[in-house]
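Take a look at the structure below.
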Amino acid sequence: MDPQTSSAPPAPESGESGDPATEGLGLRELKKRQTRVAMHRAALELVAEHGFTQVTVEMIARRAGVSTRTFFNHWTTKDAAVLGVITGDSLEVSDRLRAELAEHSPREALRAVLRDALTAIPADPELRELKKQVMAKEPLLHSISSGRLLEVQTEMTEALTAALEGDEARTRAVVAVQVGFALTRSAFALSMAKGIDPLAAFDEVTDLYDAGIIEA
C-alpha cells in the first residue's frame, strides 16, 4: 500500500459512531475524537507496513488526511500516535488531576482522570488487534510505552501527594496511583474478554474492588 495514499475511513456523523464511549458527546468533541482515532489507525497501519523507524509524522498526517499542524494539536510525538496515548503528556495529566482535586475527593479525582483516559480507547476490535500485532513486532515501543507510563504515574503521584494530609501522604499517593492503574488495566482486560465498552468494564471493576472483590 502506498504510504502517501490516504486510507482513513470517512468520519461517521454524530451519533453514528457505534462506540458507546462517544455517546453524549458534542459534535466538536466527537469530531476531535474521530480525528485522533484516524491518526492512531494511520500510525499503526504505517508501522505495520514499513516498521517504526521508517514512519514519519508527515506520513501519518497524510495517511489520516490531516495537516502536520493538526497532528501536533493532538499528539506530542510520532510514538504517542502509534501508542494511542490519549492521556497526553505527564504534565497535562497532572494538571487535569489537580483540577479534579480542587472539586472532588482524592479517590474521586483519581478515578475521574483514569476513567476519562478510557473514554478515548477505540471500541474497534480490529484496531486493537492491529495495535497488538504492531507491539509484538516492535519491541522498542514497549520501552517507550513503559517510560511514558512511569512519567505519568510520577506526576500524578506528586499531584496527589500535595492534596493528601499527614506524614504518610506520599506513600498513600504512590499506592493509590498504582492501584488506580491496576484497576484500569483490569478494566481493559475485562473489556477485551467480554467484548464490552471499557467504561462499563471500569465501572464493573471498581465496583468489585470497592465491595472487596471476594466477600465471605
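Tabulated data for the structure shown
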| read-out | value |
| --- | --- |
| Breaking point among (1) surrounded by 14 or more Cβ atoms within 10 Å (Cβ to Cβ); (2) of a type outside the set (Gly, Ala, Ser); (3) under 19 Å from VAL93 (Cα atoms), for VAL179 | (1) |
| Residue in region 180-193 that is farther than 16 Å from ALA109 by Cβ, part of a loop (DSSP other than H, G, I, E, B), in contact with a Pro (Cβ under 8 Å, 6 or more places away or on another chain) and at pLDDT below 85 present | no |
| Subset of region 152-178 (residues that are free of Cβ contacts under 8 Å to residues at least 40 places away in the same chain and out of contact with any Leu (no Cβ under 9 Å at 6 or more places or on another chain)) | GLN153, THR157, THR161, GLU165, GLY166, ASP167, GLU168, THR171, VAL175, GLN178 |
| Test: residue in region 91-103 that is assigned by TED's automatic domain parsing to the domain that holds ALA193, at pLDDT below 85, surrounded by fewer than 20 Cβ atoms within 10 Å (Cβ to Cβ) and farther than 17 Å from LEU46 by Cβ | yes |
| Hey, LEU149 under 18 Å from GLY180 (Cα atoms) and at pLDDT below 85 or not | yes |
| Residues of region 179-216 satisfying the condition of being in contact (Cβ under 8 Å) with a residue 60 or more places away in the chain, within 21 Å of THR154 (Cα to Cα) and of a type in the set (Gly, Ala, Ser) | GLY180 |
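The values are calculated or read from the model by the stated rules, or taken from the named source; none is laboratory data. Given the structure is predicted, the values throughout are model-derived calculations rather than measurements. Backbone-built Cβ (ideal geometry, glycine too); neighbour counts: all protein chains shown.
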